[in-house]
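Since the structure comes first, as structure tokens, the remarks are kept for the end.
Any read-out appearing in this document is the output of simple, stated calculations on the displayed coordinates, not a laboratory observation. Just so we're clear, the structure is a prediction, and the values are computed from it rather than from any experiment. No Cβ is skipped: glycine too gets one built from the backbone with ideal geometry, and neighbour counts run over all protein chains shown.
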Amino acid sequence: MFMLDFFLPFISSLLLVICVMVGVAFLTLLERKVLGYIQIRKGPNKVGFNGLLQPFSDAVKLFTKEQTYPIMSNYLSYYFSPVFSLFLSLLIWLCIPYFIKLYSFNLGVLFFLCCTSLGVYTVMIAGWSSNTNYALLGGLRAVAQTISYEVSLALILLSFVFLIEGYNFLSFNSYQEYMWFFVLCFPLALVWFTSSLAETNRTPFDFAEGESELVSGFNVEYSSGGFALIFLAEYASILFMSMLFVVIFLGSDVYSFLFYIKLAFLSFLFIWVRGTLPRYRYDKLMYLAWKSFLPFSLNYLLFFIGVKIFFLSFLI
């Protein structure tokens, strides 16, 4: 019995990781196709039927190339930071709200915040250990940006913690049975989506990979496998943030087909924003985080606390 208790979560986690990796592969294909059509050209359409096998061909190409590393780099931290980055991006998926309670997460919200906070270190170490100016600048930018937007993300989550009176993501499903939180807190949903873009280093906040000024940012010295791992980690976190948006704002019934349609649409929005908007200016990015989003999310937090106290006083 004990062995079964050990093996079931292990096999389930393995299946989850494989499904996320396949999802990431096709998300890259979707991005290249959508960006192609936005720029009035075809995306990948040669490998397999209509380009369906392109992500797998890219993966084989990247992982079979020779791994190079700068001679002045701090080798161990340079080598392991992409691995740790992907590990964190996959670990965070364990707090997905399954009703079977694959892992019993009563503190799923805190687990999510802990994992996203750790993600900052991998970027910082990847930038620093390369021992080049461009990589270090890209890493520092990414760290400042991620930390800034984590504050507003945490405060928005805290608002919902007061609303649902718990840290479990499963509670979101029962509270959204009759009305989505998206309807109730539309401005908050927009702020969450924008913060998610900044958190995952996506356009218009892709300062960590500011090609026009920093060559390629913190991953400039990475090639072949290392680059592929950083790339996979970024897209796994995009998928996760899309999933989290659906859980929090659009009703979180993981067992309905509609859930995955909403998830795919949110991932498409990430790509659509990339194809449409130009890059923000860096000081504007910080201004947006500290002068706009922080007061806004704090006001919403106070509003939710007020609403809770108001209803509790009626119950008493």
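Comparing Pro204, Pro278, Pro55 in a Gaussian network model of the chain, where Cα atoms under 10 Å apart are tied by springs, the biggest mean-square fluctuation is seen for Pro278. Highest mean first, the peptides 220-230, 122-132 sorted by other C-beta atoms within 10 Å per residue fall in the order 122-132, 220-230. Helix 294-315 and the long axis of the chain differ in direction by around 30°, with both axes built from C-alpha atoms.
Remark: Met241, Met286, Met179 ranked as Met179, Met286, Met241, counting other beta-carbon atoms within 10 Å and listing the fewest first.
When both region 283-316 and region 1-70 are represented by their alpha-carbon centers, they are found 38 Å apart. As a proxy for reagent exposure, Thr28, Thr200, Thr68 were ordered by neighbouring Cβ count within 10 angstrom, fewest first; the result is Thr68, Thr28, Thr200. Taking θ as phi - 60° and the Karplus parameters 6.51, -1.76 and 1.60, the scalar couplings of region 64-69 work out to 9, 6, 6, 7, 9, 8 Hz in sequence order, x denoting glycine and proline. Based on C-alpha pairs under 8 angstrom that are at least 6 apart in sequence, the chain has a relative contact order of 24 percent. For region 1-89, what class follows from the C-alpha gyration tensor (a ≥ b ≥ c being the square roots of its eigenvalues): rounded when a/c is under 1.5, otherwise prolate if a/b is larger than b/c, else oblate? Cα axes put region 1-89 in the oblate bin.
Would you mind ranking Lys46, Lys308 by Cβ crowding within 10 Å, fewest neighbours first? Spell out each step's value before the answer.
Numbers: Lys46 10, Lys308 13.
Placing the least packed residue first, the sequence is Lys46, Lys308.
Hey, in the GNM for the chain with a 10 angstrom Cα cutoff, which one of Ala198, Ala144, Ala25 fluctuates hardest? Highest fluctuation among the options: Ala144. When +1 charges are put on Lys and Arg Cβ atoms and -1 charges on Asp and Glu Cβ atoms, the dipole computed for region 2-315 relative to its Cα centre reaches about 640 debye.
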